[in-house]
1. Just checking, which of Gly132, Gly118, Gly125 is modelled with pLDDT under 95, small (Gly, Ala, Ser) and assigned to a loop (DSSP other than H, G, I, E, B)?
2. State whether the residues of region 103-115 include one that is modelled with pLDDT of 90 or more, of a type in the set (S, T, N, Q) and part of a strand (DSSP E or B).
3. Give just the number: which of (1) assigned to a strand (DSSP E or B); (2) within 24 Å of Cys142 (Cα to Cα); (3) modelled with pLDDT under 70 does Arg72 not satisfy?
4. Here is a check on your reading of the model: is Phe181 among the aromatic types (Phe, Trp, Tyr), modelled with pLDDT of 90 or more and over 17 Å from Lys84 (Cα atoms)?
5. Within region 43-60, which residues are in contact with a strand residue (DSSP E or B) (Cβ under 6 Å, 6 or more places away or on another chain) and outside any loop (DSSP other than H, G, I, E, B)?
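The values are calculated or read from the model by the stated rules, or taken from the named source; none is laboratory data. Please read all numbers here as calculations on a predicted model, not as lab measurements. Backbone-built Cβ (ideal geometry, glycine too); neighbour counts: all protein chains shown.
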Amino acid sequence: MGENEISSVGKVQKDASKVASGGGEKEEKFQTVMEGVASIALLPNGSISGHFIQLPHSICYGLHGTELECERECSRGEDYRLIKLTVTDYNTKRERDIVVECRGHDAAKICSTDHAHGWQKDVVGMLEQKHGKHKVSVSFECETLKAEKAAEEHLRKFMPKLVGMDAVVNIGHMTIAGLDFDAETECERIELSS
């Protein structure tokens, strides 16, 4: 496979050979990019819950997010929220927490945080801890918004535990890059054996 070629399983693979850069050598790593459709319920208390279906193989991941208390910078606008998003791999029962930014009230736009300027120390610590090992980036934008009766019907069919909680449902394209539960499991095994 050549550089930046996309395989059928949705992985962007870079050439793992050593690349000369400025007199030194640097080894490129493989990065997993998962693309698919997400169905996310936005609850009145600020939390989110839903599913991410990775395409084309229809692999389902759980999504659960809780709003983090943080001071908002005036430049970010009043619809800005910081969310601790937990992605669950149902096959392995593994979870990964990612801090993301969420904008929009009923029609959400979720993206990765690139810096933690102005946030509390525990939030900054969580970002540095998670980004220190493997940076994970998330992108989601609402393409279909369901409210009231349409939202209740959707929840009854796909997320029955959320029926009657006055949730708004967002459906749209989602991309998660850098999240590889298999690689993280292997790294943990190596660390434990040393």
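1. Going through Gly132, Gly118, Gly125 in turn, just one is modelled with pLDDT under 95, small (Gly, Ala, Ser) and assigned to a loop (DSSP other than H, G, I, E, B): Gly118.
2. no
3. Unmet for Arg72, out of (1) assigned to a strand (DSSP E or B); (2) within 24 Å of Cys142 (Cα to Cα); (3) modelled with pLDDT under 70: (1).
4. No; evaluated as a whole, the condition is false for this residue.
5. Of everything in region 43-60, those that are in contact with a strand residue (DSSP E or B) (Cβ under 6 Å, 6 or more places away or on another chain) and outside any loop (DSSP other than H, G, I, E, B) turn out to be Ile48, Ser49, Gly50, His51, Phe52, Ile53, Gln54, Cys60.
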